[in-house]
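*Asks:* First, the structure itself, so that you have it in front of you.
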Amino acid sequence: GMALVLAGVALVGLPFLRVNDDIRGMQPPDSVLMAEQARVSALLGTATPRFLAVSAPDDEAALRTEEALQARLAPLRGKALAGWQMPAAFVPSAARQAENAAPAGPPLTLAEARRVLPFLDALVLPPAAGGGAVHLVALEKLADPAALRAAIAGLTGVRLVDPAADFSQVLARYRERAVALLVLSAALMAPVLLGRYRRRAWRVLAAPLLAVAATPALRALGGGGFSFFDAMGLVLTLSMGVDYAVFCAEGTPARRNVTAAGVSLAAATTLLSFGILAASAVPAVRGFGLTLAIGITLSWLLAPLAAPASGEPAPHWARLRERGTALG
């Protein structure tokens, strides 16, 4: 009965599962830091530290790239972003200076302008050991990163730097790999269990698989998301749940109470060591602990599914073990 209920919960809840890989929601915000960030955002006109990096062989080449970049950014002003700040807006390239005015001496260089305009130092990184120049383009109120990426596509040496999005993409890849590991683990367990338990193998594997399917469904029905940390919690749930099911499958009717006590102690130990993380103040850790706590509890409740049914003969190796115990 419980297995059918959990199967129904999985069918109902899984469609509501919401993947959330945003790293900004995985740590508790510090009130002091949030206040400072709000102040800096108000001064700079940007909500997050996102900017464009322009790499080129030298400053002149970087300024030329920025001038080409300005033409691509112009259609986005007021739509995808409010504005931008770049060195080329204050110091045109030597080629542009030659086009705009008759030569009356050497062109103004970026190094000379930085002595007069110190704020340009924030937009020009120190030269790397291998040479080359790296300029920064500060973005004001970027609202559509996808449109910006499309605008700079194909422009050599220009890339969008978005630390939060980059870390979130890494976590998304790790989440996908964790889910793949979960599926692979179950696939590798199946032939091993089939070789030992024959027709009862599906009952041994059904218990942990139901727990793995029902846990994210319950989290989804409760408004929780699904991240890399939840996926890792399911990996541990599968491994622990199979252990509990195997313990029950190996037991005999005469030793059912002893087996149940052993499985209960094992589950309690896991809950005390990992499940208590559900009380953490860090959202990512709390999600891992909550997923594991639900999964282990369900695995413990479902483990008796793997035990031999009433009247079903005990496995041959179990009968031999009991006979040996009696003779000893």
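Every number here is computed from the coordinates shown, using simple stated rules; none is lab data. Keep in mind it's a predicted model, so treat the numbers as computed, not measured. Note that we place each Cβ from the backbone using ideal geometry, even for glycine, and neighbour counts take in every protein chain shown.
*Asks:* Can you compute the modelled spin-label distance between ALA7 and ALA180, with each label point 7 Å from Cα toward Cβ, in nm?
*Replies:* It is 3.0 nm.
*Asks:* Turning to a different aspect of this structure: With each pseudo-label sitting 7 Å past Cα toward Cβ, what's the VAL258-ILE276 distance in nm, one decimal?
*Replies:* For the pair VAL258/ILE276, the computed spacing is 3.0 nm.
*Asks:* Separation of region 107-155 and region 176-227 by C-alpha centroid, Å?
*Replies:* Each part reduced to its Cα centre gives a spacing of 50 Å.
*Asks:* OK, next. From the phi angles alone, apply the Karplus equation (6.51, -1.76, 1.60; θ = phi - 60°) to region 173-182 and give each ³J(HN,Hα) in whole Hz, x where the residue is Gly or Pro.
*Replies:* Values, residue by residue: 5, 5, 4, 4, 5, 5, 5, 4, 4, 4 Hz.
*Asks:* Under the rule a/c < 1.5 gives rounded, and otherwise a/b versus b/c splits prolate from oblate, where does region 76-133 land using the Cα gyration tensor?
*Replies:* Oblate is the answer for region 76-133, as a/c is 1.5 or above yet b/c matches or exceeds a/b.
*Asks:* In terms of the Cα gyration tensor, with a ≥ b ≥ c the square roots of its eigenvalues, is region 52-202 rounded because a/c is under 1.5, prolate because a/b exceeds b/c, or oblate?
*Replies:* Because a/c hits 1.5 or more and a/b exceeds b/c, region 52-202 counts as prolate.
*Asks:* For a Förster distance of 30 Å, can you work out the FRET efficiency between the beta-carbons of VAL116 and GLU140, rounded to the nearest 0.05?
*Replies:* Step by step, r from the Cβ atoms, then E = 0.80.
*Asks:* Could you tell me which of rounded, prolate or oblate describes region 107-178, using a ≥ b ≥ c as the square roots of the eigenvalues of the alpha-carbon gyration tensor, with rounded for a/c under 1.5 and, failing that, prolate when a/b is larger than b/c and oblate otherwise?
*Replies:* Prolate.
*Asks:* Set the Förster radius R0 to 35 Å, insert the Cβ-Cβ distance between LEU265 and ARG196 as r into 1/(1 + (r/R0)^6), and round the FRET efficiency to 0.05.
*Replies:* Result of the calculation: an efficiency of 0.90.
*Asks:* Would you mind computing, in nm to one decimal, how far apart the modelled labels at ARG159 and LEU221 are, each placed 7 Å from Cα along Cα→Cβ?
*Replies:* In this crude spin-label approximation the distance works out to 4.5 nm.
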